[in-house]
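The values are calculated or read from the model by the stated rules, or taken from the named source; none is laboratory data. Because the structure is predicted, anything quoted here is derived from the model rather than measured. No Cβ is skipped: glycine too gets one built from the backbone with ideal geometry, and neighbour counts run over all protein chains shown. Just so you know, the surface numbers come from the protein's heavy atoms only, side chains and all, with ligands and any DNA or RNA stripped out. Shrake-Rupley method; radii C 1.70, N 1.55, O 1.52, S 1.80 Å.
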Amino acid sequence: MNSLDPRVARLPKINEPVSPKVPLDQFGTFEVFVQPKEGKPFQHEGSVHAPDLELAWVLAKETFTRRFTCTSLYVVNTRDVYVSPLTEGDKNAYDLLPEITEQAGSKKDFEIYQLTKRGKQHVHVGTVQAVLPQEALVQAAKLYNTGNIVYNVWAIATAAIRFTTPEEKELWLTLPEKKFRDASDYKGGDKLKNFLDRNIS
Amino acid sequence: MYGGGNTFEGIKTDSLAAEDPIKLAEFEARITRGEKIEPTDWMPQLYRKQLIRMIEQHAHSEIIGALPEGTWITRAPGFKRKMALMAKVQDEVGHAQLLYSAAETLGKSREQMIDDLITGKSKYSNIFNYPTYTWADCCFISWLVDAGAIVNQLANAKGSYGPYCRALDRICAEESFHLKYGHHCVIYLASGTAKQRQMFQEALNRWWPPMMHFFGPSDKISAHTEVLMRWKVKMGTNDEMRNQFLDMYVPKIWELGFTIPDPNLRKDETGKWEYTEPDWEEFKRVINGDGPCNKERLEVRRVAEARGKWVREALKTPKTSYVTPLA
Ligand SMILES: [Fe+2]
Ligand SMILES: [Fe+2]
Ligand SMILES: [Fe+2]
């Protein structure tokens, strides 16, 4: 291709027309949760597309933790997030949960996330034990419904989560050293002042 | 990008007639109260459609916008500039990821958006259809194109759609680095040798017309968007955004002793900027495909898609399936 960009100029010619993408060309969807500081709760940050949980974790790290501080991160398939109705005004999502009878079977852990301010992120409040995610939400209502309005609740089976391993946590230790990604590393003030002084005199 | 200069479809007044009037009133009241709309909330079809269009254009602009700067990474002057530019370009591509996800929550799949980019059906910011001849062009983009983008993005971050606002908050935090870095680069050129100063002056001459186009057609001729403003999809008119940009950055360009190539550029008594009317015919021509780099930009995407296909296929696992992101 004829281009000013040497890398573009040497690109190969693609003869076959690019066919329309098939569904899933960009893979499945995974939700990303980040703990910004030790002792702080995890919060929902957004989503990534990846072929599996492992790669979702890698992409999440690249997309969401290049800046600020991060002590841990986890990802889960979007399908593994059980979602309550979204409410507004003075309606509490906990009050709208359907009744559920005690389930037989072995209980497992569910991570509970709440939305307490519309427009903000879902934040982790705790872990409950239940057989089904519907039941986990009812459990959460018993434990975390303080009467303050909660607009939306999520229950995520803990076993479905790809957590960060203790060794991987080292990845973020050097984050504060990467000053070249920070506006504060580009102070042109002195140079500008010298330039202006020179021009005035 | 670059929420600016978005093309909105002309809105027919009756396109709201099919909506449930009670739900519509509730929806509008919520926006007036300053509350955000979330993916599972009721929304008019027109709101959904125009938001998808806007967020998608914004996402495309981020990845296409990474091309004219990306080409300068290997040629950036010195190790520090290379590191910074690499980080900036990585940010821009990351912005596209965040924005595609936000658009997906409205129901358009990523596959469809990328298809529409490649076939030329969806647009991206027009300014990236111009070439970066020298390092100074690259500095112009880093400083002033990003500055324009920030004007738009800060405004849009106060809009009504939750997922878009949250993506923009994150994006704006990163943009502050781009802006400072870009200004730093230009200060170095300005206070350097005569040749360096000349390099930037020439870049400024080349980029000024597309920069004026960046915020979209003048309010006098652009499709009417009152309903989009009321719904906080569009947060200011094109001329308001352009004026805000001029107000913030013209003094900074003048401070460095450069000449902006518009003899009519001046601030009037009311604080509004006057300028030569940009050539909107040229803007239309370029946005419709006839700019210096349109072909190349899309071809680069096409080649990347074709060459990456086997990798995507090799990675595919039968168990995964597409779902709309949550929030
Ligand atoms: Fe960006
Ligand atoms: Fe940019
Ligand atoms: Fe940027």
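May I ask for the Rg/Rh ratio of the protein assembly as shown, computed from Cα atoms with Rh as the Kirkwood radius, given to two decimals?
0.98
Quick one: work out Rg over Rh on the C-alpha atoms of region B:13-166, Rh as Kirkwood radius.
In region B:13-166, Rg relative to Rh is 1.06.
Name the residues of region A:70-89 whose accessible area falls by at least 50 Å² when all protein chains are present instead of the chain alone, probe 1.4 Å?
A:79, A:86, A:88
Given Cα positions, please report Rg to Rh for region B:20-307, the hydrodynamic radius being the Kirkwood one.
Here the Rg-to-Rh quotient is 0.97.
Evaluate the charge dipole of the protein assembly as shown about its Cα centre and quote only its size in Debye, nearest 20, assuming +1 on the Cβ of each Lys and Arg and -1 on the Cβ of each Asp and Glu.
1200 debye
At 1.4 Å probe size, with every protein chain present, just tell me what the per residue accessible area of region B:223-267 comes to in Å².
With all protein chains present, region B:223-267 gives 48 Å² per residue.
Can you list the residues, at least 5 places off or on another chain, whose amide H is less than 5 Å from the amide H of residue B:161, using H built in the peptide plane?
For residue B:161, the qualifying residues are B:37.
In whole Hz, with x marking every Gly and Pro, tabulate ³J(HN,Hα) for region B:160-170 from phi via Karplus 6.51 cos²θ - 1.76 cosθ + 1.60, θ = phi - 60°.
With coefficients 6.51, -1.76 and 1.60, one gets 9, 9, x, x, 5, 4, 5, 5, 5, 4, 5 Hz.
Roughly how many percent of the accessible protein surface of chain B is carbon and sulfur, given a 1.4 Å probe and a whole-percent answer?
Percent of accessible area from carbon and sulfur atoms in chain B: 57.
Where does the longest stretch of chain B lie that holds no GluC sites (Glu not before Pro) found in a DSSP loop with 11 or fewer other Cβ atoms within 10 Å?
The answer is B:10-268.
Please give the direction-averaged projected area of the C-alpha convex hull for region B:139-230, in square nanometres with one decimal.
7.0 nm²
For chain A, give the share of DSSP beta bridges that are antiparallel, in percent and rounded to the nearest 5; count only bridges with both residues there.
Of those bridges, close to 100 percent are antiparallel.
Could you check how much of the accessible area of region A:1-106 is carbon and sulfur, as a whole percent, using a 1.4 Å probe?
54 percent
Using only the Cα atoms of region B:95-144, what semi-axes does the equivalent ellipsoid have when each is the square root of 5 times a gyration tensor eigenvalue? Give whole Å, largest first.
28, 14, 7
Given Cα pairs under 8 Å that are at least 6 residues apart, what percent is the relative contact order of chain A?
Across chain A, relative contact order equals 20 percent.
Just to check I understand the Karplus step: with θ = phi - 60° and J = 6.51 cos²θ - 1.76 cosθ + 1.60, what whole-Hz values come out for region B:74-83, glycine and proline as x?
These are the phi-based 3J(HN,Hα) values: 5, 10, 4, x, x, 4, 4, 5, 4, 4 Hz.
Pairs of alpha-carbon atoms within less than 8 angstrom and 6+ residues apart define the contacts here; what relative contact order does region B:20-307 have, in percent?
Dividing the mean separation by the residue count of region B:20-307 yields 21 percent.
Accessible area drop of at least 50 Å² (1.4 Å probe, protein heavy atoms): which residues of region A:173-201 qualify, relative to the chain alone?
Buried on complex formation: A:180, A:183, A:186, A:191, A:192, A:195.
Using a 1.4 Å probe and counting only protein heavy atoms, how much accessible surface gets buried when B and A come together, both sides summed, in Å² to the nearest 100?
For chain B against chain A, roughly 5800 Å² becomes buried.
Can you compute 3J(HN,Hα) from phi for each residue in region B:38-46, using the Karplus curve 6.51 cos²θ - 1.76 cosθ + 1.60 with θ = phi - 60°, rounded to whole Hz and x for Gly and Pro?
Once rounded to whole Hz, the list reads 10, x, 8, 6, 5, 8, x, 3, 5.
Among the lysines, which have Cα under 20 Å from the Cα of residue B:319 when same-chain residues fewer than 8 positions away are ignored?
The qualifying lysines are A:21, B:309.
Taking loop as defined by DSSP and a crowding limit of 11 other beta carbons within 10 Å, which trypsin sites (Lys or Arg not before Pro) in region A:6-85 fit?
Taking region A:6-85 and a limit of 11 other Cβ atoms within 10 Å, the loop trypsin sites (Lys or Arg not before Pro) found are A:10, A:13, A:37.
Mind grabbing the base-10 log of I(q)/I(0) for region A:47-95 at q = 0.25, 0.31, 0.32 Å⁻¹? Debye formula, identical points on the C-alpha positions, no solvent, two decimal places.
Each listed q corresponds, in turn, to -0.88, -1.17, -1.23.
Do the sum for chain B: with -39,500 (n - 2.57) for every DSSP H run of n ≥ 4, divided by all residues, what is the mean residue ellipticity at 222 nm, to the nearest 500 deg cm²/dmol?
The helix-only estimate for chain B comes to -19500 deg cm²/dmol at 222 nm.
Enumerate by residue number the chymotrypsin sites (Phe, Trp or Tyr not before Pro) in region A:16-122 meeting two conditions: DSSP loop (anything except H, G, I, E, B), and at most 10 other Cβ atoms within 10 Å of the site's Cβ.
Listed in order of number, the matching sites amount to none.
Given the protein assembly as shown, what percent of its DSSP beta bridges are antiparallel, to the nearest 5?
Antiparallel bridges make up about 95 percent of those DSSP assigns within the protein assembly as shown.
Pairs of alpha-carbon atoms within less than 8 angstrom and 6+ residues apart define the contacts here; what relative contact order does region A:78-177 have, in percent?
Taking the mean separation of contacting Cα pairs over the length of region A:78-177, I get 37 percent.
Quick query: amide H of residue A:72 versus all other amide H atoms, modeled in the peptide plane; which residues come in under 5 Å with a sequence gap of 5 or more or a different chain?
Under 5 Å from the amide H of residue A:72 lie the amide H atoms of A:35, each far enough along the sequence or on another chain.
What's the longest uninterrupted piece of chain A once you rule out the GluC sites (Glu not before Pro) that are loop residues per DSSP with at most 11 other Cβ within 10 Å?
A:103-166
Which whole-number value in Å³ per residue fits the convex hull of the alpha carbons of chain A?
258 Å³
In region B:283-322, which trypsin sites (Lys or Arg not before Pro) fall in coil by DSSP and have 16 or fewer other Cβ atoms within 10 Å?
B:316, B:319
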